[in-house]
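Asks: Okay, here's the structure, questions in a sec.
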Ligand code: COA
C-alpha cells in the first residue's frame, strides 16, 4: 500500500494551500514531511501565479505535535544530519518566500509546530489551539529556529517561559503574549484565513513582497541602515511604477 503524502498542496485561485498531512500521528514532523514540505515550498516560491499561502494541518486534533519522536536518533550520523539540513533548509526556504504566508493553527501546536508557525507572517488560531515547546523537557532544544524566532515575536520574557517551563499556552494566552494575531472559533478558522488573505491580496504583489522584506531584514541590522534600506526599497518600487523615487529623504546615520 502506498503511503499518503505527508504534505498536501492545492491552489485556490492565487492562494497556495499547504497542508501537513499525517493526522494519525497529529501531523508529527518526520523526514518525509521535511522533504515534501521543501518541495512544496519551492513550488510556492517559483509559481508566479501564487500571491499568498496558507500552512495548515490535516485532521481534527492538531496543526503539528512537533518532531516525530519515533525518528529521534535515527540519523546515520551528526555529519550526515547536518549535510541534509544544509541541502534542505526548509526554515530558510520559509523565510525566503516573498508572498504573505498565514498559519492556520488548531489543536496541538507543539515543538516544530510552533516553530513553523513562527516562520509564517500571520498566525490565526482556533479557540482549541494549545501551544508548547516540550523540547527542553525531552533533553533537547528547538532546532527549527524557535530559540530565535520566538523571542523576536513575543519578547524575551514570555519566550523564556515557553522555552524553559514546558508550560502549555491556550489560544487566548498565545494571543495575549503576541504569539498569534487572532483567535477565532474552530468552525470559522479556514474561512477567516481565506478572508484575511483576500484582504491582504487586494494590495500590490510587489508592495507586499517589499514591505515584508523591509520589515524582516530590517530587524537584524541597526536602525539607520534599516531606514536606508527601506528608502531604497520604496524608491525601487516607485521607479518600477514609473515615478521618480522618494523625494528628499535624508540619509540617516543614527546607528541604532
Ligand atoms: N511523534 C510521533 N508520534 C506522535 C507525536 C510525535 N511528536 N505526537 C503524537 N504522536 C502520535 C501518538 O504516538 C499516537 O499514536 P498511536 O495512536 O499510534 O499511539 C497518536 O499520535 C495520537 O497521540 P496520543 O498521544 O494518543 O494523543 P493524546 O491526546 O493522548 O496526547 C499529545 C496528545 C500531543 C499530548 C501527545 O501525543 C504528546 O505529548 N505528543 C508528543 C509531543 C512532543 O513531545 N512533541 C515533540 C516536540 S520536540
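The values are calculated or read from the model by the stated rules, or taken from the named source; none is laboratory data. Here the structure is a predicted model, which means the values were calculated and not measured. When we count neighbours, we look across all protein chains shown, and the Cβ atoms used for this are built from the backbone with ideal geometry, even at glycine.
Asks: Do you know which residues across region 15-31 are modelled with pLDDT of 95 or more and either outside the structural domain of residue 62 (by TED's automatic domain parsing) or assigned to a helix (DSSP H, G or I) (or both)?
Replies: Within region 15-31, 23, 24, 25 qualify.
Asks: What do you reckon, is residue 74 at pLDDT below 95 and out of contact with any helix residue (DSSP H, G or I) (no Cβ under 7 Å at 6 or more places or on another chain)? Break it down into steps so the answer makes sense when it comes.
Replies: Details: at pLDDT below 95: yes; out of contact with any helix residue (DSSP H, G or I) (no Cβ under 7 Å at 6 or more places or on another chain): yes.
Yes.
Asks: While we're on this one: Considering only region 199-222, state which residues are part of a loop (DSSP other than H, G, I, E, B) and under 18 Å from the mean Cα position of the chain (by Cα). Spell out how you get there, then give the answer.
Replies: Applying the first criterion (part of a loop (DSSP other than H, G, I, E, B)) to region 199-222 yields 202-204, 219-222.
Passing the criteria: 219, 220.
Asks: If I filter region 168-185 for residues that are within 16 Å of the ligand (Cβ to nearest atom) and in contact with a helix residue (DSSP H, G or I) (Cβ under 7 Å, 6 or more places away or on another chain), do I get at least one hit?
Replies: yes
Asks: Which of the numbered conditions does residue 92 fail, given that it passes all the others? Conditions: (1) in contact (Cβ under 8 Å) with a residue 12 or more places away in the chain; (2) surrounded by fewer than 23 Cβ atoms within 10 Å (Cβ to Cβ).
Replies: Only one criterion is unmet by residue 92, namely (1).
Asks: Could you count how many residues in region 129-141 are surrounded by 18 or more Cβ atoms within 10 Å (Cβ to Cβ), more than 8 Å from the ligand (Cβ to nearest atom) and assigned to a loop (DSSP other than H, G, I, E, B)?
Replies: Residues that pass the stated criteria total 1.
Asks: Looking at 164, 179, which is the one that is touching a residue at least 40 places away in the same chain (Cβ under 8 Å) and either outside any helix (DSSP H, G or I) or loosely packed, with under 15 Cβ neighbours inside 10 Å (or both)?
Replies: Selected residue: 179, the only one of 164, 179 that is touching a residue at least 40 places away in the same chain (Cβ under 8 Å) and either outside any helix (DSSP H, G or I) or loosely packed, with under 15 Cβ neighbours inside 10 Å (or both).
Asks: Starting from residues that are in a strand (DSSP E or B) and touching a helix residue (DSSP H, G or I) at 6+ places or on another chain (Cβ under 6 Å), keep the ones in region 47-70 and report whichever is nearest to the ligand (Cβ to nearest atom).
Replies: First pass over region 47-70, keeping only residues in a strand (DSSP E or B): 52-57, 62-64, 67.
With the extra rule that they be touching a helix residue (DSSP H, G or I) at 6+ places or on another chain (Cβ under 6 Å), the set shrinks to 52-54, 63-64, 67.
Numbers: 52: 29, 53: 24, 54: 22, 63: 11, 64: 8, 67: 4 Å.
By that ranking, first place goes to 67.
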